[in-house]
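To keep things clear, I will list the structure first and then write my remarks on it.
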Amino acid sequence: MKKIFKILTVSFLATFMLASCASSATSSKAKLTKTESRAFWRIDGTDKNGNPSTVYIQGTFHLGDERIYPLSEEVQNAFANADRLVGEMSTESYAELAQVSQVLAAPNKDGKIVTDYLTEEENAFMQMVFGENLPLAATMEPWQSNNALNLFLYMNSELTSEYGLDNAFIAYASQTGRSWEGLDDIQVQIDVLTFGEYEEQIKILKDTIKALTDEEENKKLVEMTTNLYEYYVADDMKEMSKLLLGDELSTGENAELYKEYNEMVYSRRNKDWAEDITNYLAQGGTTFIFAGTAHWIGQDTVFQYLKKMGTIK
């Protein structure tokens, strides 16, 4: 169950320029501070010329409810006055993703059918979820079906993407005519969405169906999602981190598959994001970053990589 929670939580994330390190290293170690605002940090340092440089970081939750609004004045002011805005994907990448969505939704090029690889019981569940759309959905790659089942889980949690903080910041920026940069390029996001070969995606899909069709497991999944969000609402990063750290990867037959996925989604990206932040500090001014809270707490966090790099104290 724990491995499924990690896969489901991370995959929803995305239901959706690195300069030379040698030339852009900051002159001294910056200071990291957790502010009083919910999941909000600031890094105070100096740019390459020795002038003050600040990076604000708003940890987001991709689902939510009305309780996380309105945002604190501290967050609103930092966002409104930032010299640059940065999300997980840039303005241009969102536009590109919309353009390639039809390609991503194309039938499997080898004519494989998802339902051919599932048991009678698994197909019965798929029929319940997809209804008359199952024949079409089955022609696509297995990751498409898995993403749809993720949404099925989140509907049970009563949290919606409508209140997701990422969407709010994107809306705010769009309304004021501002663009934003991205910590990931579009290919990184696509790789996360489409992770694994066909057979590996089938394994993940089977595990997801198993978790959703087992009443006890399903209940635990919903509870874990809800608890994680409740800690987020309360700005209890300690308990939120403990919950994420307790969500260990499976040691079963698919352990290596989930380990590889976890490294792709967290470790590799977090290291790259730490390099981005180092460069933003060196460039100077103020930067406002909004990205998933799980990247800033738990293990192999962006902050841990920043410390290893010597960017922050």
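The values are calculated or read from the model by the stated rules, or taken from the named source; none is laboratory data. Model, not experiment: these values are computed from the prediction. Here the Cβ positions follow ideal geometry from the backbone for every residue, glycine too, while neighbour counts run over all protein chains shown. Heads up: the accessible areas ignore ligands, DNA and RNA and are worked out on the full protein's heavy atoms, side chains in. Shrake-Rupley method; radii C 1.70, N 1.55, O 1.52, S 1.80 Å.
Things to note:
- The set of residues in segment 105-120 that are among the β-branched types (Val, Ile, Thr) and outside any loop (DSSP other than H, G, I, E, B) comprises 114, 115.
- Filter result for the condition that a residue is over 17 Å from the mean Cα position of the chain (by Cα), modelled with pLDDT under 95 and farther than 22 Å from residue 190 by Cβ, over 251, 278, 286: 251
- Qualifying residues in segment 121-164 (those that are within 22 Å of residue 218 (Cα to Cα) and in a loop (DSSP other than H, G, I, E, B)) - the one modelled with the lowest pLDDT: 157
- The one condition from (1) assigned to a helix (DSSP H, G or I); (2) more than 18 Å from residue 300 (Cβ to Cβ); (3) open to solvent by 30 Å² or more (accessible area, probe 1.4 Å) that residue 253 does not meet is (1).
- Selection within segment 69-106 - polar (S, T, N, Q) and open to solvent by 50 Å² or more (accessible area, probe 1.4 Å): 76, 77, 81, 99, 101, 102
- Any chance residue 228 is out of contact with any Gly (no Cβ under 7 Å at 6 or more places or on another chain), open to solvent by less than 20 Å² (accessible area, probe 1.4 Å) and of a type in the set (A, V, I, L, M): yes
- Taken over segment 167-195, residues that are assigned to a helix (DSSP H, G or I) and open to solvent by 50 Å² or more (accessible area, probe 1.4 Å) amount to 6.
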